[in-house]
Amino acid sequence: MALQDHGNVGPGSDEAPLRVIVADDDPLARRMLRDVLHTAGITVIADAEGGREAVELALYYRPDVVVMDLIMPGVDGLAATRQIVERAPDVRVVVMSSSDDDEVGLETLRAGASGFLCKTVGLDSLPRALRCARNGEAVITRRLTMRLIEDLRVLRQDNAGMRPIRSPLTSREWEVLDLLCQDHSTDEIADHLVVSVETVRSHIKSVLRKLGVRSRRDAIEAAGRLRSGMLDEVPGLEP
């Protein structure tokens with residue numbers, strides 16, 4: 001689907017210059033993106049040829065948006081997106097891929113991306129999409145939006161995976177707790193989130209403290225109560 005047909009990209013504000021980092025292992029692709037964005041009045045403050053460099057540049061420059069290629073050597077776009085979102089949550093990431101597979105798109109959104117676009121979209125529409133991402137809008141196709149709606153309709157009735165709007169936990173802590181609920185070990189959680197085991201242990205300690213429990217099993221039970229709306233039983237929340 002061409003981005004011109006995109007149902008989720010609304011008018012963006014041009015009041016402040018948009019600052020962008022471009023990450024792609026193809027020099028020609030980086031040049032094309034820089035030229036298109038420059039012509040649209042968007043400042044490309046840096047570009048990266050790999051995921052590791054993209055993370056380093058994003059943490060240093062704190063751009064509004066990172067345009068991230070999905071497949072890159074070393075640290076790929078998915079892992080880089082997770083690291084940027086965790087360490088610089090104010091930076092938006094829009095992932096671009098040669099694939100328009102919905103499963104790939106969903107995986108990038110789970111990693112924290114604000115958007116997922118196929119490289120076949122018209123590049124002249126990209127500046128508008130990035131402005132929308134900077135303004136907090138989701139940059140995805142109508143088809144992927146429908147897929148999200150369909151997935152929401154078939155969520156398990158025990159609310160597994162659902163995250164309450166009011167919660168003492170951060171988004172990253174919920175990611176860790178969701179994986180605990182799926183019986184993943186500390187090492188497995190670290191691999192899944194592409195972080196160190198020590199980082200996972202730190203998150204788990206924070207989860208236990210915020211939920212007022214002493215064990216992982218108690219945390220899983222508390223998560224169930226939160227998802228069921230029993231907010232008054234969890235410390236740290238006002239009724």
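See the values below:
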{"quantity": "Gain on full stretching of the segment that runs from ARG143 to TYR60 - 0.36 nm per residue minus C-alpha separation", "calculated": "26.4 nm"}
{"quantity": "THR120-ASP90 FRET efficiency (beta carbon distance; Förster radius 30 Å; 0.05 resolution)", "calculated": "0.50"}
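Bear in mind these aren't lab numbers, they're just calculated from the coordinates by the rules spelled out. Everything numeric here is computed off the predicted structure, so don't read it as measured data. With ideal geometry, Cβ positions are generated from the backbone for all residues, glycine too; neighbour counts draw on all protein chains shown.
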